[in-house]
Amino acid sequence: AVSEMQKHGGVKADPRFSEKYFSQTVDHFNFNSMGNGSFNQRYLITDKYWKKGYGPIFFYAGNEGDIWEFALNSGFIMELAAQQGALVIFAEHRYYGTSLPFGNDSFNIPQIGLLTVEQALADYAVMITELKLQLEATDCPVIVFGGSYGGMLSVYMRLKYPNIVAGALAASAPILSTAGLGDSRQFFRDVTADFASVASECRDAVRQAFHQLKELAEQQDYSRIQSELALCKPPSSAQDIHQLNGLLRNSFTLMAMLDYPYSTHFMGNMPANPVQVACKTMLRGSNLLANLRDTAGIVYNSTGLLTCFDLYSLYVECADPTGCGLGFNSQAWDYQACTEIELCYESNNVTDMFPPMPFTERDREVYCSKRWSVVPRPGWLKIQFWADENKTHTHTHKKTNEEEWYNVTLQKTIKKSTVIGIKEEWYIGKLVAMVSQ
């Protein structure tokens, strides 16, 4: 077992979990590819609550990050495991965390080409099958859990491997928008609504601050922009202003996505109720640009140690307008957003409070061709994983506090019920979802 003080990528471990590695096939679909090798895929496991041999297996389908971060922010699964006597496994997604098929070369071309949804699902299917044999748990039903992209994977697991997975619970899984369906304006409209729900004046202040920034940029008053927003260097071009707008917009996006009623250390450090904190900051004085700077600082300067904001090191523009983050994990997600995951979202300053920043299919194609030498295939996820036709009865979509994702998820499952509140019960390993409107 992992000691409580042991660190993993800066994340304190949960002593209930043991960290292990599974020998995983590099390419499940081509026997001649990359030497038909294997790699060590990390997973976390705890049998603290398991009724050995017959209790269910709760399997978290890891998504775009270090698996410890997901394990330490999924208390619901552990609570349910205690109630149901379940074995809990958190599996890390290939190309994230320490599960790198080719080490530091994993993000080179062509090695990066084995980062696909299909390969990740096959990883999980093989891992579940083998671990059930090792643990003498062949009769134990498996329920897959996941949130956001991980929620998509949990649903896809139930669709693709119903022989292995008895049920799935997906939270805030953007199954529709990532398949190119829905309104490209929806995401940033919903982020704006989060802040407007605290106070309409908050939304208006953000919009006005961006308007002031736009006016200064048009006047090329770069020195004032630098001083007002505490930038390390003055911007000197339209590209720098575009980068600045992206950095600022991304801070609001992260606060909306991580708007929990308690402080979090997931995708950075965030105070409790960050949207409320942001609105209080935006409305505390008449200098809107200073307020905008300090609001962005909630995300980028949580320690208070930064003396200035470096435009190009704090935020990296990528194929996901909602942000890819930094480091190796960001490269992996950028590649996925360039291939199967469609994230052509735009802000326009009409339906949202942000500067107009389009990201069309053509923009995506140009960027991805230059960055990864790939051409995206719009519509593939809809063909492969059903998208809006995804209405099987043994997976459930759960609404969470991530409102900006909820409106691009599949909100209707069993009959005509909209999933808002869910109770879970287990009977002979089957998930019984009792949905209340």
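Summary of computed values
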read-out	value
Residues that are under 28 Å from the mean Cα position of the chain (by Cα) and more than 10 Å from PHE195 (Cα to Cα), drawn from segment 278-291	LYS280, THR281, MET282, ASN291
Residue list for segment 298-308, filter: out of contact with any helix residue (DSSP H, G or I) (no Cβ under 6 Å at 6 or more places or on another chain) and either within 10 Å of ASN250 (Cβ to Cβ) or touching a residue at least 60 places away in the same chain (Cβ under 8 Å) (or both)	THR307, CYS308
Given (1) over 18 Å from the mean Cα position of the chain (by Cα); (2) at pLDDT 95 or above; (3) of a type outside the set (Asp, Glu); (4) closer than 23 Å to SER302 by Cα, number of the condition SER251 does not satisfy	(1)
Exclusive hit being on the phi > 0 side of the Ramachandran plot and touching a Lys or Arg at 6+ places or on another chain (Cβ under 8 Å), set ALA196, ALA230	ALA230
Contacts under 7 angstrom Cβ, first residue in segment 216-240 being more than 19 Å from LEU288 (Cα to Cα), partner in a loop (DSSP other than H, G, I, E, B) and modelled with pLDDT of 95 or more, 6 or more apart	CYS232/CYS308; CYS232/ASP310
Residue in segment 258-280 that is assigned to a helix (DSSP H, G or I), in contact with a helix residue (DSSP H, G or I) (Cβ under 9 Å, 6 or more places away or on another chain), among the polar types (S, T, N, Q) and open to solvent by 20 Å² or more (accessible area, probe 1.4 Å) present	yes
Looking only at segment 281-303, and only at residues there that are polar (S, T, N, Q) and open to solvent by less than 40 Å² (accessible area, probe 1.4 Å), the one that is nearest to ALA256 (Cα to Cα)	THR295
Boolean, ASN108 is within 20 Å of ASP334 (Cα to Cα), among the polar types (S, T, N, Q) and outside the structural domain of ASN273 (by the TED database)	yes
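The values are calculated or read from the model by the stated rules, or taken from the named source; none is laboratory data. Computed from a prediction, not measured in an experiment: that's the story for all the values here. Note that each Cβ is placed from the backbone with ideal geometry, even for glycine, and that neighbours are counted across all protein chains shown. All accessible areas refer to the heavy atoms of the entire protein, side chains included, with ligands and DNA or RNA removed. Shrake-Rupley method; radii C 1.70, N 1.55, O 1.52, S 1.80 Å.
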